[in-house]
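Before any comments, here is the structure.
The values are calculated or read from the model by the stated rules, or taken from the named source; none is laboratory data. This one's a predicted model, so the numbers in the text were calculated from it and none came from an experiment. Methodologically, a virtual Cβ is constructed for each residue, glycine included, from the backbone with ideal geometry; neighbour enumeration extends over all protein chains shown.
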Amino acid sequence: MEYDYDPLENITDNITDGSGDFNIYFQEPCGSALTSDFNKIFLPTIYGIIFILGIIGNGLVVVVMGYQKKCKTMTDKYRLHLSVADLLFVLTLPFWAVDAAKTWYFGSFLCVSVHMIYTVNLYSSVLILAFISLDRYLAVVRATNSQATRKLLASRVIYVGVWLPAAILTVPDMVFARVHSTGSSNFNLTNESVESEDSRTICQRIYPDSGNLIWTVVFRFQHILVGFVLPGLVILICYCIIIAKLSQGSKGQVLKKKALKTTVILIVCFFSCWLPYCVGIFLDTLTMLNLLPSSCELQQAVEKWISVTEALAYFHCCLNPILYAFLGVMFKKTAKSALTSNSRSSQKVNLMTKKRGPISSVSTESESSSVLSS
């Protein structure tokens, strides 16, 4: 993830540190060509799988939400925001897949544009998950007097708390992202495998030589903080309080058990996907700062670790439709109607049926809140 928001930074570690610095780490290639060859096969394959699954899952959610034009709950709105963010994110992966396999063919304009789209939707996706956990906390723990607050969060605050910060964080992409031919390096490289890589055209952030290390470290820690630590804390705290609340009392035990199970799954999936990647970035940054002893073996191990865990982190956008939509009973009913209905009249019947019933989030946590407040 972020250090430079470039999924291919690890591919070019044999020629750069992933931040655009062509002056550091060149003295000892350390056999990084092995990692590069691994990434040329591994990353395009994984990106292709994530792209297909992400398009199908998130695209279906967007279609269903478009079909369900009325009666959207607060969670429905969050789900739509999340699916749009994930959908736009996976649309950037084919560009990185081609770049990983060959080189950057798409020019300077697309280089900056793809970086910006990648960044804004990567951040917004994680921040929306934090908003969803906060909404579910309000729905379950403070069900009797939280409706106005939940509505404000879902309709207005989300733009200030999610999309605005994510958009602001694209400014470094506009400033530093550029196409660069690695053949312009002034280094005399004798390793044949490195020379072949040195002729590649890359699209990534290129920081000023004078402050390259500082820029790299700052943006890496910024990403770990904003893209994982802060939303992760919100998610963990909110869901732990929800688990404690659902564990109390004896009413609605079946629904509570289902809600508890789903809540635990949400926590485990989020941290299982993002924690290993952020740990890899953190360790690599400490090595750059000479706070950890460095060796060729360690460098190669960290490079491979980041490549594999990066793919795992991105796979979370394929899980989001399942975790936050398809587990809901009402969403599945709406999806079935959207995919099988052949007339507008059947749609109106569906919507009227929902209006007569209790307004409930598709999520099992929100469904359980109706039990707790009854």
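Just to verify a result, which residue in region 209-226, among those that are modelled with pLDDT of 90 or more and not aliphatic (A, V, I, L, M), is farthest from P172 (Cα to Cα)?
In this case the residue turns out to be F221.
Would you be able to tell me the number of residues in region 73-88 that are surrounded by fewer than 24 Cβ atoms within 10 Å (Cβ to Cβ) and within 30 Å of K40 (Cα to Cα)?
Of the residues in that region, 3 qualify.
Can you tell me which of (1) part of a helix (DSSP H, G or I); (2) modelled with pLDDT under 90; (3) farther than 24 Å from N320 by Cα is the one S155 doesn't meet?
(3)
Here's the yes/no breakdown for (1) at pLDDT 85 or above; (2) crowded, with 18+ Cβ neighbours inside 10 Å; (3) more than 22 Å from E310 (Cβ to Cβ); (4) not hydrophobic (A, V, I, L, M, F, W, C):
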| position | (1), (2), (3), (4) |
| --- | --- |
| F51 | yes, yes, no, no |
| V61 | yes, yes, yes, no |
| S108 | yes, no, yes, yes |
| C111 | yes, yes, no, no |
| V114 | yes, yes, no, no |
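If you check I306 against the conditions, is it under 16 Å from the mean Cα position of the chain (by Cα), crowded, with 22+ Cβ neighbours inside 10 Å and within 29 Å of H81 (Cβ to Cβ)?
yes
For region 167-197, which positions are at pLDDT 50 or above and part of a loop (DSSP other than H, G, I, E, B)?
L169, T170 - these are the residues of region 167-197 that are at pLDDT 50 or above and part of a loop (DSSP other than H, G, I, E, B).
Six or more apart or on different chains, Cβ atoms under 8 Å: show the pairs whose first residue is in region 279-303 and at negative phi and part of a helix (DSSP H, G or I) and whose second is among the acidic types (D, E) and surrounded by fewer than 16 Cβ atoms within 10 Å (Cβ to Cβ).
So the pair list comes out as C296/E28.
Select, from T144, T119, T103, the only residue that is outside any helix (DSSP H, G or I), of a type outside the set (D, E) and either at pLDDT 90 or above or touching a strand residue (DSSP E or B) at 6+ places or on another chain (Cβ under 9 Å) (or both).
Numbers: T144 fails: either at pLDDT 90 or above or touching a strand residue (DSSP E or B) at 6+ places or on another chain (Cβ under 9 Å) (or both); T119 fails: outside any helix (DSSP H, G or I).
Step by step, each of T144, T119, T103 is checked, and only T103 is outside any helix (DSSP H, G or I), of a type outside the set (D, E) and either at pLDDT 90 or above or touching a strand residue (DSSP E or B) at 6+ places or on another chain (Cβ under 9 Å) (or both).
Under the condition of being touching a helix residue (DSSP H, G or I) at 6+ places or on another chain (Cβ under 6 Å) and among the hydroxyl-bearing types (S, T, Y), which residue from region 227-273 is modelled with the highest pLDDT?
Result: Y239.
If I filter region 293-305 for residues that are of a type in the set (S, T, Y), modelled with pLDDT under 90 and within 26 Å of A139 (Cβ to Cβ), do I get at least one hit?
No, region 293-305 contains no residue that is of a type in the set (S, T, Y), modelled with pLDDT under 90 and within 26 Å of A139 (Cβ to Cβ).
Within region 125-141, is there a residue that is in contact (Cβ under 8 Å) with a residue 24 or more places away in the chain, hydrophobic (A, V, I, L, M, F, W, C) and either on the phi > 0 side of the Ramachandran plot or surrounded by fewer than 19 Cβ atoms within 10 Å (Cβ to Cβ) (or both)?
Yes.
When you go through (1) modelled with pLDDT under 65; (2) hydroxyl-bearing (S, T, Y); (3) in contact with a Ser or Thr (Cβ under 8 Å, 6 or more places away or on another chain) one by one for S32, which number turns out not to apply?
The number of the failed condition is (3).
Give the residue, chosen from L298, L292, that is surrounded by fewer than 16 Cβ atoms within 10 Å (Cβ to Cβ) and in contact with a Ser or Thr (Cβ under 8 Å, 6 or more places away or on another chain).
Result: L298 is the single residue among L298, L292 that is surrounded by fewer than 16 Cβ atoms within 10 Å (Cβ to Cβ) and in contact with a Ser or Thr (Cβ under 8 Å, 6 or more places away or on another chain).
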